Amino acid sequence: MNSRERIILLLLAALNFTHILDFMIMMPLGNYLMPYFNISSQQFSMLVAAYTFSAGISGFLAAFFVDKYDRKQVLLLAYLGFLIGTLCCAISPTYSLLLISRVVAGIFGGLIGAQVLSIVADLIPYERRGTAMGVIMAAFSVASVFGVPFSLYLANIFNWHGPFFFVAGLGIILIPFLMKYLPKMDTHIKLAGGEKVGPLRLIKDIAQDKNQMLALALSATIMLGHFMIIPFLNPFMEFNKGFSKVQTPMIYMVGGALTLVSSPFLGKLADKIGKHRLFVMMALITTIPIALVTNLPDFPFYQVLCITGFWFVVSTGRMIPAQAMVSNVVSSERRGSFMSINSSVQQIFVGLASVISGLIVVKRTDNVILNYDITGYISIAITLISIYFVSKLHVRTKTDQKS
């Protein structure tokens, strides 16, 4: 990997950090927001889902035009709108205004993930793409090890508004560097040769391509399974297990630190042993910590950190090879559109997971939550289904390459 590629990947990872942190911080803020606004677990889950559903809709609509434009321009415009939405979250005085602000942030945020992955896929060949995805996914680790704990620290010192000011401030600092160092990304336009693809044809082509449909099914099951248990993890740890607001950020700090180390290694391992093989291994292993976290006995906190830290590592171990495989099912000239559809599917299923878990989990008057174990059982079942989709995709892409 040359210096130019490293700079671009680091900038995209930094952008991803702020984007992921804005989404991630909403979930551990549950034990701040529910008492502050006096809202139910269902209302809180709608705060989480508002972002993902609006992001999913905007990502779907963007699929019909993003490949007509320079990816850099689309990314910068989406990022600016996302930061404005995040700033609106920071100054929201009521539940209703916060909900609307999450929708605004989601509308623009829905364009970001797809553009980042499309840029990486256009710049880095498939043989080295696992390593590149490992760098991009490291943003999740940094968001966990530094972003979430520091944001919760800000919420403890000031109030829940603080984390959103933090994200918006970082994003504003990052924009000039993105403008300077990201190259013009319009090769896909030249490859398309001016061909115009209408919305109906785009959807029809994806629906008729079994590889692309399997890739979308894989993305959907990964998101649905993982985010069944994330929204109520922090409230469960505080209200059910009695861990303090000082302790619970350590879950994200330790987990993020471990994945920060493991992500680059897992990316290289995916390139070495095969992306499909690594995904299956990580998916099977991840069912163990899921079962433990959602049926947590009265363990000391250091043992809880071991379990959740291990869970962070193996969950990320699924994401890295999956992203590389999904980005490879479509040619460059259609990649932006497909990755927007893929991002839309991911966002919608994250929102769906939040809504489903909000319907399953019940909050008592003393804030203790019930039925959290059921979300774990559903998560495990969906994770096992994802193995079926990744295996089918692997067999089909391998057959296509031979032919």
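Here, each number is a calculation from the coordinates, and none is a lab measurement. Quick caveat: nothing in here was measured; it's all calculated off a predicted structure. Because the Cβ atoms are built from the backbone with ideal geometry, glycine has one as well, and the counts that use them run over all protein chains shown.
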Distance (nanometres) between label positions extended 7 Å along Cα→Cβ at residue 265 and residue 298: 3.5
Neighbour net charge for residue 115 - beta-carbon separation under 9 angstrom, K R +1, D E -1: +2
Extension gain from residue 281 to residue 370, taking 0.36 nm per residue of separation minus the Cα-Cα distance: 28.9 nm
Neighbour-limited loop hits for trypsin sites (Lys or Arg not before Pro), segment 307-385 (at most 13 other Cβ within 10 Å; DSSP other than H, G, I, E, B): 364
Residue 161 versus residue 38: modelled label distance in nm, points set 7 Å from Cα along the beta carbon direction: 2.1
Value of D in µm² per second that Stokes-Einstein yields for the chain, Kirkwood Rh from Cα pairs, at 37 °C (0.692 mPa s): 156
Spatially proximal aspartates and glutamates relative to residue 363 (Cα-Cα < 16 Å; intrachain offsets below 8 disregarded): 238, 373
The chain: calculated mean residue ellipticity at 222 nm from DSSP helix runs of at least 4, using -39500 (n - 2.57): -26500 deg cm²/dmol
Formal net charge of residues neighbouring residue 202 (Cβ-Cβ distance under 10 Å; K, R +1; D, E -1): +1
Least to most buried among 127, 5 (fewest other Cβ within 10 Å first): 127, 5
Of 204/398; 72/245; 180/210; 210/275; 272/392, those spanning more than 30 Å from alpha-carbon to alpha-carbon: 72/245; 180/210
Length added when fully stretched, residue 377-residue 288, from 0.36 nm per residue minus Cα-Cα: 30.9 nm
Förster radius 25 Å - calculated FRET efficiency between residue 384 and residue 359 (Cβ-Cβ, nearest 0.05): 0.65
